[in-house]
Amino acid sequence: MAVRFTKLDNALSAGLKTMAAKAAVTQIEYWEEQLAEVEVSGSKGILSDLESLKKKLQADEVDGEAVKKLLGSLAEKTTKISGRVEDKGLSEHLAKVGEGLAASA
C-alpha cells in the first residue's frame, strides 16, 4: 500500500498538472481499491467522486474547472474521513493525500 500512495504523494508534491491522465487513473483505481472496504461515513461519497474524476480525465477534452472542483471536494472529504479510519497507516496516507489535494485544487 505505501509504495502506491507514495507515488500519489510525490505527484501531489510536484503538482498534479505534471501527472499524465493514464497515471492519474491508475492512482485513482488504487485509491478506490483501498477505500472499497473502508466502513466509514463519507467513504462512499469519495468513491463516487473518484469515479467522476476518472471519467473526466478520460474524456476527449478534459474540463479543467470541473476537475479542479472535484479535487477540492475530494480534498475536503478525504481529510474529513482520514481521522476516522481504523487502519492507522491508511489514515495517515489519507490525511496526507487530503492535504496534497487541497494544495492542488
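The values are calculated or read from the model by the stated rules, or taken from the named source; none is laboratory data. In this text the structure is predicted, and so the values were computed from the model without any measurement. When we count neighbours, we look across all protein chains shown, and the Cβ atoms used for this are built from the backbone with ideal geometry, even at glycine.
Do we find a residue being of a type outside the set (Ser, Thr, Tyr), assigned to a helix (DSSP H, G or I) and modelled with pLDDT of 90 or more anywhere in the range 78-86?
Yes, that holds for at least one residue.
Which of the residues that make up the range 58-74 are part of a loop (DSSP other than H, G, I, E, B) and under 16 Å from GLU32 (Cβ atoms)?
Listed by number, the list holds a single entry, GLN58.
Would you point out the residue of the range 34-52, among those that are over 11 Å from the mean Cα position of the chain (by Cα) and aliphatic (A, V, I, L, M), that is surrounded by the fewest Cβ atoms within 10 Å (Cβ to Cβ)?
The qualifying residue surrounded by the fewest Cβ atoms within 10 Å (Cβ to Cβ) is ALA36.
Tell me the residue from LYS55, LYS88, LYS77 that is surrounded by 13 or more Cβ atoms within 10 Å (Cβ to Cβ) and either farther than 17 Å from GLU37 by Cβ or basic (Lys, Arg) (or both), please.
LYS77
For LEU90, work out the one condition from (1) more than 19 Å from ALA23 (Cα to Cα); (2) without any contact (Cβ under 8 Å) to a residue 40 or more places away in the chain; (3) among the aliphatic types (A, V, I, L, M) it doesn't fulfil.
(2)
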